[in-house]
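The structure appears below as structure tokens.
The values are calculated or read from the model by the stated rules, or taken from the named source; none is laboratory data. All figures in this text were calculated on a predicted structure; none of them were measured in a lab. Cβ placement follows ideal geometry from the backbone for every residue including glycine, while neighbour counts extend to all protein chains displayed. Heads up: the accessible areas ignore ligands, DNA and RNA and are worked out on the full protein's heavy atoms, side chains in. Shrake-Rupley method; radii C 1.70, N 1.55, O 1.52, S 1.80 Å.
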Amino acid sequence: DAGITQSPRHKVTETGTPVTLRCHQTENHRYMYWYRQDPGHGLRLIHYSYGVKDTDKGEVSDGYSVSRSKTEDFLLTLESATSSQTSVYFCAISGEGGETEAFFGQGTRLTVV
Amino acid sequence: GESVGLHLPTLSVQEGDNSIINCAYSNSASDYFIWYKQESGKGPQFIIDIRSNMDKRQGQRVTVLLNKTVKHLSLQIAATQPGDSAVYFCAETSGTYKYIFGTGTRLKVLA
């Protein structure tokens, strides 16, 4: 398995609270991604990073922010969690964006109550 | 397990038979395609990939076929085993950061 660790693996939080999910990689890959996966939808890109401090929005970025201060860490923050953000979140990495396969972490199941 | 597969199309195959899972991709400019397998409670796992300059690529028990004319991708699994039970989905990209993922097909292997 690619060296990707997501934490926490499961979290239950209350509406309106901030939440941060962490993705840590040991592959020294340049690209890192955050996706959410919901029934009836494919994986949808939230944000991605193409280098330290270089990030950009994906298709479902509203309500989320990210930071990448080191090559190995990519943080996803929900500033004020809402029930619509209940989902399974996956971090992925790739060596070259879109030119090689993306490797995924094990996922974080987030429930906002 | 995760509930991501609630509304997926399902393919049921007898153990030992061959499986064919299909995917229609959307972007005619896509030039790189990937098949992933996702087991319950786990992240997607890379199975096999193919570039647009190829029509067919074989791996161990798996073959991917690409038909660019009709924008169709298929995954063939030979001698399907119980461990093959999972959700399978394709991904496409045109060389940018953006991977476009299909919604997936659930494969059930019947003993």
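Would you mind telling me which numbered condition in (1) charged (D, E, K, R); (2) touching a residue at least 24 places away in the same chain (Cβ under 8 Å); (3) exposed (fewer than 14 other Cβ atoms within 10 Å of the Cβ) A:Arg30 fails?
Among (1) charged (D, E, K, R); (2) touching a residue at least 24 places away in the same chain (Cβ under 8 Å); (3) exposed (fewer than 14 other Cβ atoms within 10 Å of the Cβ), A:Arg30 violates only (3).
Kindly evaluate B:Ala29 against the criterion of being assigned to a loop (DSSP other than H, G, I, E, B), touching a residue at least 40 places away in the same chain (Cβ under 8 Å) and of a type outside the set (Asp, Glu).
So B:Ala29 fits the description; yes.
For region A:56-104, name all the residues that are under 28 Å from B:Ile50 (Cα atoms) and touching a residue at least 60 places away in the same chain (Cβ under 8 Å).
Hits for region A:56-104 are A:Tyr89, A:Phe90, A:Cys91, A:Ala92, A:Ile93, A:Ser94, A:Gly95, A:Glu96, A:Gly97, A:Ala102, A:Phe103, A:Phe104.
Across region B:71-108, what is the total count of residues that are among the β-branched types (Val, Ile, Thr) and free of Cβ contacts under 8 Å to residues at least 12 places away in the same chain?
Residues that pass the stated criteria total 1.
Sort out which residues of region B:88-111 are open to solvent by less than 30 Å² (accessible area, probe 1.4 Å), of a type in the set (A, V, I, L, M) and modelled with pLDDT under 95, and write them in order of number.
Once the filter is applied, which keeps residues that are open to solvent by less than 30 Å² (accessible area, probe 1.4 Å), of a type in the set (A, V, I, L, M) and modelled with pLDDT under 95, region B:88-111 yields only B:Ala91.
Which one of the conditions (1) of a type in the set (D, E, K, R); (2) open to solvent by 20 Å² or more (accessible area, probe 1.4 Å); (3) more than 14 Å from chain A (Cβ to nearest Cβ) does B:Asp84 fail to meet, given that it meets all the rest?
Going through the list (1) of a type in the set (D, E, K, R); (2) open to solvent by 20 Å² or more (accessible area, probe 1.4 Å); (3) more than 14 Å from chain A (Cβ to nearest Cβ), B:Asp84 breaks only (2).
Exactly one of these conditions fails for A:Thr15: (1) in contact with a Ser or Thr (Cβ under 8 Å, 6 or more places away or on another chain); (2) surrounded by 14 or more Cβ atoms within 10 Å (Cβ to Cβ); (3) among the hydroxyl-bearing types (Ser, Thr, Tyr); (4) at pLDDT 95 or above. Give me its number.
(2)
From A:Phe74, A:Phe103, A:Phe90, grab the single residue that is of a type outside the set (Gly, Ala, Ser), open to solvent by less than 40 Å² (accessible area, probe 1.4 Å) and either under 29 Å from B:Cys23 (Cα atoms) or modelled with pLDDT under 95 (or both).
Every option except A:Phe90 fails the conditions.
Does A:Thr20 satisfy the criteria of being in contact with a helix residue (DSSP H, G or I) (Cβ under 7 Å, 6 or more places away or on another chain), over 10 Å from A:Thr108 (Cα atoms) and either at the interface with chain B (Cβ under 10 Å from one of its Cβ atoms) or open to solvent by 50 Å² or more (accessible area, probe 1.4 Å) (or both)?
no
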